[in-house]
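Worksheet: one structure, shown below.
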């Protein structure tokens, strides 16, 4: 679920893997491996993805179906 969510978020924001990888300061190949589930997403990258799309980490992890950040 995590991998599909990050791909869907990227596509919903009309970004390429290369653009997201640049924002996360990693290579396109590493980011692609995150989306394919071939590599675990480190906590710091997960937090950056959350901030990039302004969604909660819980949403990315599939804990919540509500993408809004709870305050």
Looking at region 23-43, which of its residues are within 17 Å of residue 5 (Cβ to Cβ) and either at pLDDT below 95 or outside any helix (DSSP H, G or I) (or both)? 37, 38, 39, 40, 41, 42
Output for Cβ contacts, cut-off 8 Å, separation at least six or different chains, first residue farther than 17 Å from residue 11 by Cα in region 38-54, second assigned to a loop (DSSP other than H, G, I, E, B) and modelled with pLDDT of 95 or more, reads 45/26
When residue 34 is run through (1) touching a helix residue (DSSP H, G or I) at 6+ places or on another chain (Cβ under 9 Å); (2) at positive phi, the failure sits at (2)
Can you tell me how many residues in region 44-56 are surrounded by fewer than 16 Cβ atoms within 10 Å (Cβ to Cβ) and assigned to a helix (DSSP H, G or I)? 3
Of the residues in region 21-37, those that are surrounded by fewer than 16 Cβ atoms within 10 Å (Cβ to Cβ) and either in contact with a strand residue (DSSP E or B) (Cβ under 9 Å, 6 or more places away or on another chain) or in contact (Cβ under 8 Å) with a residue 24 or more places away in the chain (or both) number 3
Taking the condition of being assigned to a helix (DSSP H, G or I) and out of contact with any helix residue (DSSP H, G or I) (no Cβ under 6 Å at 6 or more places or on another chain), how many residues in region 7-22 meet it? 5
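The values are calculated or read from the model by the stated rules, or taken from the named source; none is laboratory data. Being a predicted model, the structure only gives us computed values, none of them experimental. Neighbour counts are summed over all protein chains in view; Cβ atoms, including those assigned to glycine, are modelled from backbone coordinates with ideal geometry.
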